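Participant: What follows is a structure written as structure tokens; I'll ask about it next.
The values are calculated or read from the model by the stated rules, or taken from the named source; none is laboratory data. These numbers come from a predicted model, not from an experiment. Cβ placement follows ideal geometry from the backbone for every residue including glycine, while neighbour counts extend to all protein chains displayed. Calculation scope for accessible area: heavy atoms of the full protein, side chains included, ligands and nucleic acids excluded. Shrake-Rupley method; radii C 1.70, N 1.55, O 1.52, S 1.80 Å.
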Amino acid sequence: MINSYTSSGDAEVAIAGARAGADVVRAMYGQWLPRIDKAAGDFATAADVAAEEVILDVIRAARPDDAVIGEEGGHQGAADAVRRWLVDPLCGTLNYAVGTMVVAVNVALRDGAAAVADPFSGEVFFTDGETAWVRHDRADDALLTPTPTSRLVDVNLDPPFPSAPGFRAVDLLAHPEFVERFRPRVVSTTLALAWVAAGKRAAYVTDGGDLSGSVHFAAGIALCRAAGCVVTGIDGAPIGETGRGLVVAADDETHGLLMSMIRSRS
């Protein structure tokens, strides 16, 4: 099955990798899994490691000359490779470890195709770098259509907080206009970015540095851009080497409202 993707487009490789990882995550859900400690209280589980291994198998079989940067395994492949895949095999590890089915499997080719799989809904959100769709089992692909109708805004409250004290995501939730206009959600996984692209969320806000090359965020950013969302840093500037976090909104009005609130608190 892996070899069948050798001649496929990059989007199909990303989808195959994300689905393979999602299958592992779903199969291992509910088991007791030892934790692999990282820095500052972060950890991985055996599911993170196993999912990354099968994703890498898909990419290596289809694109043997490409490099891969994995959340668990780091950089693999030629150091001077032009094409680099960014893999987060289980975004939302703490959710997963305590039995919460809100996680994502992220696979992205830097500046190219990307896929985000929800292991439990069976949805795969994907882009070829120009247009974005969602794929369900036994159903036709559907275009992703952002909309602010839900008024739900996901705000990432996890550390670090590099922009504090000028910006703290938690302060945004206390802004009077935020309470009037939006309803906050905190799901602690970048699946929320795919939800903005799909119209399930009006926006997503997180602090941070340059997230464009992050294994956690690259796939979601690619989806949102291809779907037509407004994507900037928390300072309203384009994301990139000097970027600061993310404000991703379904439309210009929602983005403008959030930026006005953020600037009033800075």
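Participant: If you go through the range 3-18 one residue at a time, do you hit one that is touching a residue at least 60 places away in the same chain (Cβ under 8 Å), among the charged types (D, E, K, R), within 16 Å of A115 (Cα to Cα) and buried (at least 19 other Cβ atoms within 10 Å of the Cβ)?
Facilitator: Within the range 3-18, one or more residues are touching a residue at least 60 places away in the same chain (Cβ under 8 Å), among the charged types (D, E, K, R), within 16 Å of A115 (Cα to Cα) and buried (at least 19 other Cβ atoms within 10 Å of the Cβ).
Participant: Something else about it: When residues of the range 127-141 are filtered for being on the phi > 0 side of the Ramachandran plot and either touching a Ser or Thr at 6+ places or on another chain (Cβ under 9 Å) or open to solvent by 50 Å² or more (accessible area, probe 1.4 Å) (or both), how many remain?
Facilitator: The total comes to 1.
Participant: Among the residues of the range 19-66, count how many are in a strand (DSSP E or B) and touching a residue at least 60 places away in the same chain (Cβ under 8 Å).
Facilitator: Residues in the range 19-66 being in a strand (DSSP E or B) and touching a residue at least 60 places away in the same chain (Cβ under 8 Å): 1 in total.
Participant: When S212 is evaluated against the numbered criteria (1) closer than 24 Å to G122 by Cβ; (2) modelled with pLDDT under 95; (3) of a type in the set (S, T, Y), which criterion, by number, is the only one it fails?
Facilitator: Exception for S212: condition (1).
Participant: Looking at I15, I69 in this structure, which one is touching a Lys or Arg at 6+ places or on another chain (Cβ under 8 Å), assigned to a strand (DSSP E or B), at pLDDT 95 or above and not acidic (D, E)?
Facilitator: Answer to the check: I69.
Participant: So for the range 77-100 (the condition being open to solvent by 50 Å² or more (accessible area, probe 1.4 Å) and assigned to a strand (DSSP E or B)), does at least one residue qualify?
Facilitator: yes
A quick yes/no check of all residues on (1) more than 11 Å from the chain's Cα centre (by Cα); (2) β-branched (V, I, T); (3) assigned to a loop (DSSP other than H, G, I, E, B):
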residue	(1), (2), (3)
D158	yes, no, yes
S163	yes, no, yes
G166	yes, no, yes
V179	yes, yes, no
P184	yes, no, no
G209	yes, no, yes
H216	no, no, yes
I221	no, yes, no
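Participant: What number of residues within the range 53-70 are within 18 Å of H216 (Cα to Cα) and touching a helix residue (DSSP H, G or I) at 6+ places or on another chain (Cβ under 7 Å)?
Facilitator: The total comes to 5.
Participant: If you scan the range 170-185, which residues turn out to be within 29 Å of T127 (Cβ to Cβ) and out of contact with any helix residue (DSSP H, G or I) (no Cβ under 9 Å at 6 or more places or on another chain)?
Facilitator: Residue satisfying the conditions is R183 alone.
Participant: Starting from residues that are among the hydrophobic types (A, V, I, L, M, F, W, C) and in contact with an Asp or Glu (Cβ under 8 Å, 6 or more places away or on another chain), keep the ones in the range 43-66 and report whichever is surrounded by the most Cβ atoms within 10 Å (Cβ to Cβ).
Facilitator: I59
Participant: Out of L172, L193, which single residue is open to solvent by less than 30 Å² (accessible area, probe 1.4 Å), farther than 26 Å from T131 by Cα, in a helix (DSSP H, G or I) and in contact (Cβ under 8 Å) with a residue 40 or more places away in the chain?
Facilitator: L172
Participant: A further question on this structure: Would you mention how many residues in the range 26-42 are surrounded by 15 or more Cβ atoms within 10 Å (Cβ to Cβ) and of a type in the set (F, W, Y)?
Facilitator: Result for the range 26-42: 1.
Participant: If you go through the range 67-75 one residue at a time, do you hit one that is open to solvent by 40 Å² or more (accessible area, probe 1.4 Å), aliphatic (A, V, I, L, M) and touching a residue at least 60 places away in the same chain (Cβ under 8 Å)?
Facilitator: There is at least one residue in the range 67-75 that is open to solvent by 40 Å² or more (accessible area, probe 1.4 Å), aliphatic (A, V, I, L, M) and touching a residue at least 60 places away in the same chain (Cβ under 8 Å).
Participant: Among residues belonging to the range 214-266 that are under 30 Å from I15 (Cβ atoms), among the small types (G, A, S) and touching a helix residue (DSSP H, G or I) at 6+ places or on another chain (Cβ under 7 Å), point out the one that is surrounded by the most Cβ atoms within 10 Å (Cβ to Cβ).
Facilitator: Among residues in the range 214-266 that are under 30 Å from I15 (Cβ atoms), among the small types (G, A, S) and touching a helix residue (DSSP H, G or I) at 6+ places or on another chain (Cβ under 7 Å), the one surrounded by the most Cβ atoms within 10 Å (Cβ to Cβ) is G220.
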